[in-house]
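Below is one structure, written out as structure tokens; the observations come after it.
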Amino acid sequence: MARHSHYDPEHRRHAPHRRTRRRSHRRRRSLTAALIGSATAIVITGAIAVFPTSAETPAATQLEVERTVTCLTDAQGQCTIGHTLGVAPTQIEVTSSLPPRARAYKLTVVPGSANGDQFEVRAERNNGKPKSFSRIRFDYRASADANVGGATSSPASPTTTQEGAETPSPAPSTTTSTTGTTTTTAAPETTTATTSATTTTTEPTTSGATLPAGATEVCGTDTLNGPDTPPEGAVVVPAGDNSGVDFGHPDTTYWFAPGVHTLGQGEYAQIVPGDNATFVGAPDAVLDGKNINRYAFTQHASGVTIRYLTIRNFVAPTNEGVVNHNSGDGWTIARNTLINNAGAAMMAGSGQRMIGNCVAHNGQYGLNAFQAGNQIRDIVLRDNEFAGNHTADLEAQNPGCGCSGAMKFWSVDGAQIVGNWIHDNHGPGVWADTNNNDFLIERNLIERNDGQAVFYEISYNVVVRDNVIRHNTWATGRAFADRNDPFPIGTVYLSEAGGEPRVPARSSVVEVSGNRFVNNWGGIVGWENADRFCGTNTTSECTLLIGENDADRCAPPGINAEPEYSDCRWKTQRLRVHDNVFVHEPAKIDDGCPAGYCGVSGLLANYGTWPDWSPYHGRAVQEAITFEQDNRWFDNDYTGAWRFVPYETGRLLTLAEWQAAPYEQDAGSS
């Protein structure tokens, strides 16, 4: 099932997705919480808050433990953090690992939870609702007096702090405590408060605090709650061990009662549905693989519907999936929470509809759209939230594996990716790799992903339209800059991807239009590797023009003559990049990004050298992509010192130079 298609190792430096993930460079925003006596608070903010027990507390020998932790919250937004003090902590200091401009929430210690082994925290959104089924990562330092003898603190009501989303990080605000009052001082536009009980710090907000029109917040919302009572005629599945339930009846509805459902102790215990079966969860119905079961829903039934379930803790192997493991056709997966699974949360078959799901913190992908035989047609992803996927960090374990991100597509003919919120994934947001065609990527919010927002690779005919794309590609870009690699890192990366009228689709061009790009590492890069074509070992399939399984046609001497000479290459051609807004503020990108490495778009190729029999040696492909393949930028709006790389790396141009002869790009742009 794993299929990898990358550049030859001799040209690896030109492939941005071959990168070592670097996370330590990200700015951390300080916050501190104290758990002392009867006053307990952990607050997500730019502030430091310390609450001593009292002026009469005697000095004592301190025990201390310091850790970086990640926890996954439950339906109530709570999770448990272990410590090794052996006594209840008297103080806990926490440093947030939230990326800059992360959405705000409050994190508090659950009253009465701290003991000699652990404490519980609760994450709550600013609207008062729990931050359910979310991954929270932070550093903490817990300390205690050695003479407290294991007494457990009894926390009082938590302190709360509100942070405006989508604001640049202000200068840190600091909170100091005296016996009677607490005073907060901060950067301009923050508040100064004096109080005897609580501390509240409000940071600047902007009009961008809400999600843009079209994008959808799903995780932890009421849209994921199923019916309280069974649908008429449904089989009621009680909570507990469901290993004895026969889930194989066709045309049958199963209603999962509230509570945790399991499938038994076997590694291969799974649900094998019948055709047109429906599985519906009541509120708080959870299907839990217990980190034992590999798969939740498998085999080849068609027309299966899964709604309102939380599906968690399944352990699918790398490149395999938990839901629709065998890529059955016609499935509908709607309003589910797919969280904390290994492998991919979902596979896909033809006609699959994925609507309104929370897909978060899965080990490899949220979605791996692959089907044996490459027959996937017409899939839809609408109004989903994909957040924090690729927790297994497989790219670090196997550099260049091409196995990361929120979602990946293989040989899919027809996909609509509309109205989704795709954020904080450890890799690309949307990655289409190898012979995909006819994609519409529209009205999504794609932000804070480590890799590219959109990576469209050796594929055909895509429309990327009316999206908000911000704060992406920082990790990938920084890795290239740190090794002084001048390859332009595109946040929309079109690698051997082009419009092709001979491949039927809604559009015969690659159109990138009407998008708003804000403080990503880079802009839009069209790239073509002269040494990557059908018949080499850079990919296992051939082009759709030749035939995926007909690579023999691209061997010498046939490749030296038409039509093979033209059709054995995936071409970056017929690009239309227009009416986009590009904002570049280097100081706000990853604590400052170096000129010449960030804020760059490009249209380029490498000098062909490999293999020895290649007909594309020399500058043939560089000439083609730059001047001969009908690639056009026009009518775009640029803010900031954008630069452009045409033809080959090393040519770094201003907008005026990019617009001038011989390149003559971006007519009408300013």
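Computed quantities for the displayed model
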read-out: Per-peptide average of other Cβ atoms within 10 Å, ordering 83-90, 550-557 highest first; value: 83-90, 550-557
read-out: Near-label residues of region 519-545 by backbone N, under 20 Å of a point 7 Å along Cα→Cβ of GLU623; value: 527-533
read-out: Separation between Cα centres of region 226-246 and region 551-628, rounded to whole Å; value: 54 Å
read-out: Mean projected area in nm² (Cα convex hull; one quarter of hull surface) for region 319-394; value: 4.3 nm²
read-out: Packing rank of 449-462, 609-622, 387-400, 329-342, where each peptide gets the mean count of other beta carbons within 10 Å, highest leading; value: 449-462, 329-342, 387-400, 609-622
read-out: FRET E, pair ASP139, ALA396, Förster distance 30 Å, beta-carbon r, rounded to 0.05; value: 0.90
read-out: Computed Kirkwood radius, in angstrom, where 1/r is averaged over Cα pairs of region 494-650; value: 16.9 Å
read-out: Radius, Kirkwood style, for region 279-364 when every pair of distinct Cα atoms is counted (Å); value: 12.3 Å
read-out: Cross-link partners of LYS408 among lysines (Cα-Cα below 25 Å; sequence separation of 8 or more within a chain); value: LYS571
read-out: Label point distance in nm, ASN484-GLU548, each placed 7 Å from Cα along Cα→Cβ; value: 4.4 nm
read-out: Region 353-444: equivalent-ellipsoid semi-axes (sqrt of 5 x gyration tensor eigenvalues, Cα, Å); value: 20, 17, 10
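Since every read-out is calculated from the coordinates, none of them should be taken as a lab result. Please read all numbers here as calculations on a predicted model, not as lab measurements. Using ideal geometry, Cβ is built from the backbone for each residue, glycine included, and neighbour counts are taken over all protein chains shown.
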